[in-house]
Every structure is written in C-alpha cells, then in structure tokens.
Amino acid sequence: QVHLVESGGGLVQAGGSLRLSCAASERTFSRHVMAWFRQAPGKEREFVTFITWSSGSTYYADSVKGRFTASRDNAKNTVYLQMNSLKPEDTAVYYCATKGGVPTTSYRNYEYWGQGTQVTVSS
C-alpha cells in the first residue's frame with residue numbers, strides 16, 4: 001500500500017504564490033512517476049504536471065506552463081509543486097498521485113492518491 005499525504009494548500013490572493021508538498025511512503029520506491037492533478041467543484045479531475053523519480057523529467061498542462069514548477073527529493077520521498085502567479089481559475093483541490101511504468105497525463109492511469117489539499121485563489 002502506497003500512502004501519499006499532501007500539504008501546503010490555503011487561501012491566497014491572485015498573483016500570489018504557494019508551494020504544495022506530497023510526502024510518500026517508502027513503498028513508492030517501485031513507482032516511476034509522481035503527478036499532480038486538481039479538481040474544482042462540479043468539474044472532472046484535471047492533469048497539472050508529472051515528474052519522474054529517476055531523471056526528474058517533467059511535463060506540464062498548458063494551463064499552468066510557465067507558472068507552476070514540479071520538483072522532487074528522492075531521499076525524502078517527497079515531491080513539490082511551486083505555484084506562482086496564481087489565478088482564481090487555479091482554485092481546486094490538488095491531489096498527488098503515483099503509478100508505475102511510463103508517465104501519462106490521465107488520472108485514470110494512476111494507482112494511488114493522496115487525500116488532497118485545498119487551494120483557493122481570491123480575486
């Protein structure tokens with residue numbers, strides 16, 4: 001069983017910044033990729049970014065490209081999401097997730113999920 005715990009969410013003003021963390025159990029060792037998704041009320045879960053454990057390769061959704069940055073610390077089994085220039089449309093519950101094999105952008109392919117952390121951006 002893989003356990004993921006997100007933290008760092010909160011309320012910020014538009015244009016502000018926030019950094020999310022996702023702490024993973026040791027059992028993520030066999031998983032090749034970590035990803036961030038978000039879900040606003042009444043909407044489907046949306047891909048944000050993924051990052052691979054081995055090389056740190058990243059890929060971003062167009063909606064966050066240039067504003068969000070994913071990073072990881074293998075020794076701490078932790079991934080981060082630095083969010084800058086936040087917009088009201090970024091408001092959502094943010095989830096981290098993990099899977100084995102190759103990275104993908106579909107939430108349907110991810111096996112384990114954290115509980116989510118709320119990010120609210122006010123205008």
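The values are calculated or read from the model by the stated rules, or taken from the named source; none is laboratory data. Just so you know, these numbers come straight off a predicted model, no measurement behind them. Don't worry about glycine lacking a Cβ; one is built from the backbone with ideal geometry, like all the others, and counts go over all protein chains shown. The accessibility values were calculated without ligands, DNA or RNA, using every heavy atom of the protein model including side chains. Shrake-Rupley method; radii C 1.70, N 1.55, O 1.52, S 1.80 Å.
For segment 65-109, which residues satisfy the criterion of being more than 19 Å from residue 7 (Cα to Cα) and either aliphatic (A, V, I, L, M) or within 12 Å of the chain's Cα centre (by Cα) (or both)?
Selection gives 102, 105, 107.
Can you pull out the strands (runs of 3 or more DSSP E) entirely within segment 6-64 that have at least 1 residues that are of a type in the set (Ser, Thr, Tyr) and open to solvent by 60 Å² or more (accessible area, probe 1.4 Å)?
By residue number, 58-60.
So residue 121 passes all but one of these: (1) under 14 Å from the mean Cα position of the chain (by Cα); (2) part of a strand (DSSP E or B). Which condition number does it fail?
Against the list (1) under 14 Å from the mean Cα position of the chain (by Cα); (2) part of a strand (DSSP E or B), residue 121 comes up short only on (1).
So residue 72 passes all but one of these: (1) farther than 20 Å from residue 9 by Cβ; (2) assigned to a strand (DSSP E or B). Which condition number does it fail?
That leaves (1) as the condition not met.
What single numbered condition from (1) touching a helix residue (DSSP H, G or I) at 6+ places or on another chain (Cβ under 7 Å); (2) among the polar types (S, T, N, Q); (3) open to solvent by 70 Å² or more (accessible area, probe 1.4 Å) fails to hold for residue 98?
Single failed check for residue 98: (3).
Quick check on this structure: which one of 24, 40, 75 is aliphatic (A, V, I, L, M), at pLDDT below 95 and under 17 Å from residue 115 (Cα atoms)?
Answer to the check: 24.
Would you confirm whether any residue within segment 81-93 is open to solvent by 40 Å² or more (accessible area, probe 1.4 Å), closer than 20 Å to residue 23 by Cβ and among the small types (Gly, Ala, Ser)?
So far as segment 81-93 goes, no, none of its residues is open to solvent by 40 Å² or more (accessible area, probe 1.4 Å), closer than 20 Å to residue 23 by Cβ and among the small types (Gly, Ala, Ser).
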